[in-house]
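Structure, as structure tokens:
Please treat every number below as a calculation from the coordinates, not as lab data. This structure is a prediction, so every number in the text was calculated from the model and none was measured. Cβ: placed from backbone, ideal geometry, glycine included. Neighbour counts: every protein chain shown.
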Amino acid sequence: MFDPVIAPSGTLLGLLQRGRGDGTLHALTAPRAEALAALNHCVLRDPRHDWQVENRSLYYARLYLDLNGELDAIETHLFDPEDVLDSDESRTGLALAVLGHLASYGRLDALQLLRRYAAHGVNWAWALDELALRDDDAGLRALAAPVLARFPRDPEGDAELAAAVRDAFEPRPWRLWAEDARESIATRVRAAHETGCFDRWQRQMSPSGPRPGWSVRAVFEWAQQGVERGAALHVPAAR
């Protein structure tokens, strides 16, 4: 993840980068071209230090709606040759999330961009998750073939497909594809789902992380440690 460069807080760009409410007001009173340039800068160069704790996509999506902003800059960014070289989610994640919100608001151009990127982009799984919440069944079924084509029909490709199905944030597309009328697609997705379920079961049965020793001896040793340090072992905080 790159370290974002944040503009001064008194500038339009700085306000939008920080997600300030008055940033929207300044953007709506600024020249439209200037406001869109600042907005595109934020969406294409994620200004957040940690996207997992700061939600900014809805804020930017609503501003696109208020400005009636075109999506040409986002399209160019998503399908830039750099997409093949840089698979980090931080490069495209915010743009895809913004498109997801815009699709929810009825922006057909945003929906079509998400479909194209899910079929051809490197960060396709994120785009597919956005579509899982917004697209109709027909749109999702049309993506089955290009998505499955990413996984070669060999043991390694099948293992990668099983992992993708198992770890999918939104399972709706995979469930649709498992019931697809095209037998070649349905059979492969069902097999991947079964493999993923078995892998999850194996990991639960044989965890690789540290395991507490809750034998009788371990319990008595734990209790003795509490006595020695003067902790009250009967209170909830000691559990």
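Numbers below:
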| read-out | value |
| --- | --- |
| Student exercise, the chain dipole from Lys, Arg, Asp, Glu Cβ charges, in Debye to nearest 20 | 800 debye |
| The stretch 120-160 versus the stretch 5-45: alpha-carbon centroid distance in Å | 34 Å |
| Loop GluC sites (Glu not before Pro), the stretch 1-75 (other Cβ atoms within 10 Å of the site Cβ: 16 or fewer; DSSP) | E54, E70 |
| Approximate spin-label separation Q224-E160, in nm, with each point projected 7 Å along Cα-to-Cβ | 5.4 nm |
| Estimated FRET transfer efficiency (N55, L28; beta-carbon r; R0 22 Å; 0.05) | 0.55 |
| Per-pair calculated FRET efficiency, R0 = 25 Å: V84 and A37 via Cβ, rounded to 0.05 | 0.40 |
| Mean Cα-pair separation over length for the chain, i.e. relative contact order, pairs under 8 Å, 6 or more apart, % | 11 percent |
| Residue exposure sequence - Y105, Y117 - by fewest surrounding Cβ within 10 Å | Y105, Y117 |
| Label of the coordinate-derived value, Kirkwood radius over Cα pairs in Å, listed as (i) 18.1; (ii) 19.9; (iii) 21.1 | (iii) |
| Whole-Hz couplings from phi, Karplus 6.51/-1.76/1.60, listed for the stretch 125-137; x for Gly and Pro | 5, 5, 4, 5, 5, 5, 5, 4, 8, 10, 7, 8, 4 |
| Karplus-derived HN-Hα couplings along the stretch 41-56 (A = 6.51, B = -1.76, C = 1.60, θ = phi - 60°), whole Hz, x at Gly and Pro | 4, 5, 6, 8, 10, 3, x, 7, 6, 8, 5, 6, 10, 10, 9, 10 |
| From phi via Karplus (6.51, -1.76, 1.60), per-residue ³J(HN,Hα) for the stretch 78-90 in Hz, x at Gly/Pro | 5, 9, 5, x, 5, 4, 6, 8, 10, 8, 5, 4, 5 |
| Cα long-axis angle, helix 155-167 against the chain (0 to 90 degrees, to the nearest 10) | 90 degrees |
| Between 0 and 90°, nearest 10: helix 57-67 axis offset from the chain longest Cα axis | 10 degrees |
| Rounded to 10°, Cα long-axis angle of helix 108-120 versus longest principal axis of the chain | 50 degrees |
